1. What is the order of 67, 146, 127, fewest Cβ neighbours within 10 Å to most?
2. Hey, what does the equivalent ellipsoid look like for the range 211-252, semi-axes from the Cα gyration tensor as sqrt of 5 times each eigenvalue, largest first, whole Å?
3. In the P(r) worked out for the range 1-122, what percent of Cα pairs fall beyond 17 Å?
4. Using a 10 Å cut-off around each Cβ, can you sort 83, 169, 43 from fewest to most neighbouring Cβ atoms?
5. On full extension of the chain, what length is gained from residue 72 through residue 184, given 0.36 nm per residue of separation minus the C-alpha to C-alpha distance?
6. Which of the peptides 201-211, 44-54 is most tightly packed, and how do the rest follow, judged by the mean count of other Cβ atoms within 10 Å per residue?
7. In square nanometres, what is the average projected area of the Cα convex hull of the range 150-199?
8. So for 257, 222, fewest C-beta neighbours within 10 Å to most, what's the order?
């Protein structure tokens, strides 16, 4: 009896260090952030308890509302374009061969570059003084046009930054899913007279439901919580056109040193992430039953 009890607790003892580390690095800071969000905090000094005033201040702030709009626009277009490009690359490079292997390595290069370095490189390419905008638009008589100085083109550059780097991640995830599909299914469908579109719609897409779900959730969380791209590439400008919500949170906490509203916004973003993941899981679960 004692031996069985000892064996029962062995798995829990093995995972206890990892759970403790997770609690210390995730749950602990989350609780501290929630405590800060209920107080007036300046330079890490708790001055007074304000309750939910910081949340009201954040929700009613015009700057935060503008950042939410910018985040929605960026995440929407970045998710769609990155996923479509990654899916197209996965379908194109599914077959094994020297050329496909070489192209996979080429596609992975942007993903291997650090986000900071990649954003600085694109900022140089899009710069008005010495970048591609001057080289390409100059001969057309549009040399005075600055990509990062226009709100629409700056947002497009930000979306391009995300698509250029993260399409490789989508390709890896979807390519792994494509490789897991038995070739015999496509062969049988081809024998039955199914064309390429029918095989894609009836075989490939249903069997890729889980890889698609993982890819979409991962990309959406990444884009909603992005900081490096707008901070380095556009700085949130021009104006506040590309100031996403995490950049607004960064400025509240580390530039204005107003930690109460900054942590309140962080808690709201955390809850929004949970809601997004729950909605996507529900959507894919319902789609799987159709």
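1. 127, 146, 67
2. Three semi-axes, in Å: 24, 10, 7.
3. It works out to 80 percent of all Cα pairs.
4. Ranked by crowding around the Cβ, least crowded first: 43, 169, 83.
5. Additional length available on full extension: 36.1 nm.
6. 201-211, 44-54
7. 4.9 nm²
8. Least crowded to most crowded, the residues run 257, 222.
Bear in mind these aren't lab numbers, they're just calculated from the coordinates by the rules spelled out. Every value quoted in this text rests on a predicted model; they were computed, and no experiment measured them. Every residue, glycine among them, receives a Cβ derived from its backbone with ideal geometry; neighbour counts consider all protein chains shown.
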